[in-house]
Amino acid sequence: MKTVLVVANETLGGRSLLEAIRSRSAKGNVRFVLVAPQNRPRAGLVVYDDSVFDAAQTRVDLALELARAEHIDAIGEVGDSDAYSATIDGVHTYRPDEIIISTYPATRSGWLRRDLIERVRDATGLPVEHVVADPDTEGLPFDVTLAVANRTASGDELLDALKAKVDAEPEGRNRLFVVVVPQEGGSGQDARRARTRLKLVIDRLHARGMFAAGMIGDPDPFTAITNALQYFRVDDIVISTFPDTKSGWLRTDLIERVRRATGKPVEHIVHEDVTSTSAA
């Protein structure tokens, strides 16, 4: 079986890269290895090191889900923050027959400014195809929703709202969900609790046949959203909270602050407080 190493980060969902993968897959007997080098956001507030890794892993997870839905044989992993090192590590580990490297156009690509393509060709002696993608101008061949929730993450209200978005998609077009669960504090226990909630909601979305992956975020939900938007291109945002009488997020006017800061459609989902209802 032929092995093709694919190296990409922010352009991983680009149309030209997808076309290159599909054309090779159509010939059969080929396996793809996706490597996404870690990259820090261009700006932002507090950024945890784990978030840099998680963002790249989320991108890989979503790409693999789409690949498998199209019956493309693919595996993937997060690579070193240096794209050259990530590529060489992938070559040593997987022994590919060919390499595809996807970048922004030359005017925007830090990888090209560091002469990545020629350095990889010289070091490996392998065929290297350079695919240029610019999702900012070309758009993506799917829609992306950023879903943000913490203690309400596994609620039916959020699940139903996200499923409604999938049902409203035109035939033949997919919707992907990037789920962010802000931590309630900065401790290790807070991070573990957030990861448990994240897994619950991702598992529920997968059970309904939806494409979803995610990461935990900054304890401040506004900061978590701001940072996520620097990692991912999203079409809209869904924020799930408790009712206003119980929600600390609503007391900080989170919904309107996100609308003003991002300019994106923001849907607010209210999670029914079953505990309070039962007590009443």
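Derivation of every value follows stated rules applied to the coordinates shown; laboratory data play no part. Predicted model only: the values in this text are computed from it and were never measured. Every residue, glycine among them, receives a Cβ derived from its backbone with ideal geometry; neighbour counts consider all protein chains shown.
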(message) In the chain, if the dipole is taken from +1 on Lys/Arg beta carbons and -1 on Asp/Glu beta carbons about the Cα centre, which of Val52, Phe177, Ile239 is farthest to the positive end?
(response) Val52
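If you average the sequence gap of Cα pairs under 8 Å that are 6 or more apart and divide by the length of segment 141-279, what percent do you get for the contact order?
Working: 231 pairs, mean separation 41.3, N = 139.
So the answer I get is 30 percent.
What is the extension gain from Ala261 to Gln230, computed as 0.36 nm multiplied by their sequence separation minus the C-alpha to C-alpha distance, in nm to one decimal? Present the calculation step by step, with values, prior to reporting the outcome.
Values: separation 31, 0.36 × 31 = 11.16 nm, distance 1.28 nm.
Full-extension gain reported as 9.9 nm.
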(request) Extending each Cα 7 Å along its Cβ direction at Glu129 and Arg22, get the distance between those two points in nm, one decimal. (result) 1.3
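Would you please name the chymotrypsin sites (Phe, Trp or Tyr not before Pro) within segment 184-280 that are DSSP coil residues with at most 14 other C-beta atoms within 10 Å of their C-beta? Spell out each step's value before the answer.
Working: sites: Phe211, Phe222, Tyr231, Phe232, Trp249; in loops: Phe232.
Sites meeting the loop and neighbour criteria: none at all.
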(request) Mind checking which of Thr145, Ile75, Ile101 is farthest towards the positive end of segment 47-195's charge dipole, using Cβ charges of +1 (Lys, Arg) and -1 (Asp, Glu) about the Cα centre? (result) Thr145
(request) Can you check what the net charge comes to around His130, using other residues whose Cβ is under 13 Å from the Cβ of His130 (Lys, Arg +1; Asp, Glu -1)? (result) -2
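Which whole-number percent gives the relative contact order of the chain, counting Cα pairs below 8 Å spaced six or more residues apart?
Values: 506 pairs, mean separation 55.3, N = 280.
20 percent.
All other residues with a Cβ under 11 Å from the Cβ of Gln57 taken together, and with Lys, Arg as +1 and Asp, Glu as -1, what is their net charge? Could the numbers behind the result be given before it?
Numbers: positive: Arg59; negative: Asp50, Asp54, Asp61, Glu77.
Net of charged neighbours comes to -3.
Only Lys, Arg, Asp and Glu count, each charged at its Cβ (+1, +1, -1, -1), so figure out the dipole size of the chain about its Cα centre, rounded to 20 debye. Before the final figure, lay out the partial values.
Working: 35 positive and 42 negative charges, 43 e Å.
So the magnitude is around 200 debye.
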(request) Report the FRET efficiency, 1/(1 + (r/R0)^6), for Asp203 and Arg251, where r is their Cβ-Cβ distance and R0 is 30 Å, rounded to 0.05. (result) 0.50
(message) Compute the helix-to-body angle for 15-26: its Cα long axis versus the longest principal axis of the chain, expressed 0 to 90° and rounded to tens.
(response) 60
(request) Treating the angle as unsigned and between 0 and 90°, give the value, to the nearest 10°, between the Cα long axis of helix 49-69 and the longest Cα principal axis of the chain. (result) 70
(message) Give me the net charge for the shell around Val144: Cβ to Cβ below 15 angstrom, other residues only, Lys and Arg +1, Asp and Glu -1.
(response) -3
(message) Please list, in order along segment 149-163, the HN-Hα scalar couplings obtained from phi with the Karplus expression 6.51 cos²θ - 1.76 cosθ + 1.60 (θ = phi - 60°), rounded to whole Hz, x for Gly and Pro.
(response) 7, 10, 5, 9, 4, 9, x, 5, 4, 5, 4, 5, 5, 6, 5
(request) Give me the number: length gained by fully extending Gln189 to Asp89, i.e. 0.36 nm times residue separation minus the C-alpha to C-alpha distance, one decimal in nm. (result) 32.7 nm
(request) Can you bin segment 123-216 into rounded, prolate or oblate? Criterion: square roots of the alpha carbon gyration tensor eigenvalues sorted a ≥ b ≥ c, rounded for a/c under 1.5, prolate for a/b above b/c, oblate for the rest. (result) oblate
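Grab the alpha carbons of segment 2-137, take their convex hull, and tell me the volume per residue in Å³.
105
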(request) Please give the FRET efficiency for Phe142 paired with Ser81, using the beta carbon to beta carbon distance and R0 = 25 Å, rounded to the nearest 0.05. (result) 0.40
(message) Could you sort the peptides 23-36, 2-15 by per-residue average Cβ neighbour count (10 Å cutoff), highest mean leading?
(response) 2-15, 23-36
(message) Only four residue types carry charge here, +1 at the Cβ of Lys and Arg and -1 at the Cβ of Asp and Glu. Report the dipole size of segment 141-279 about the Cα centre in Debye, rounded to the nearest 20.
(response) 380
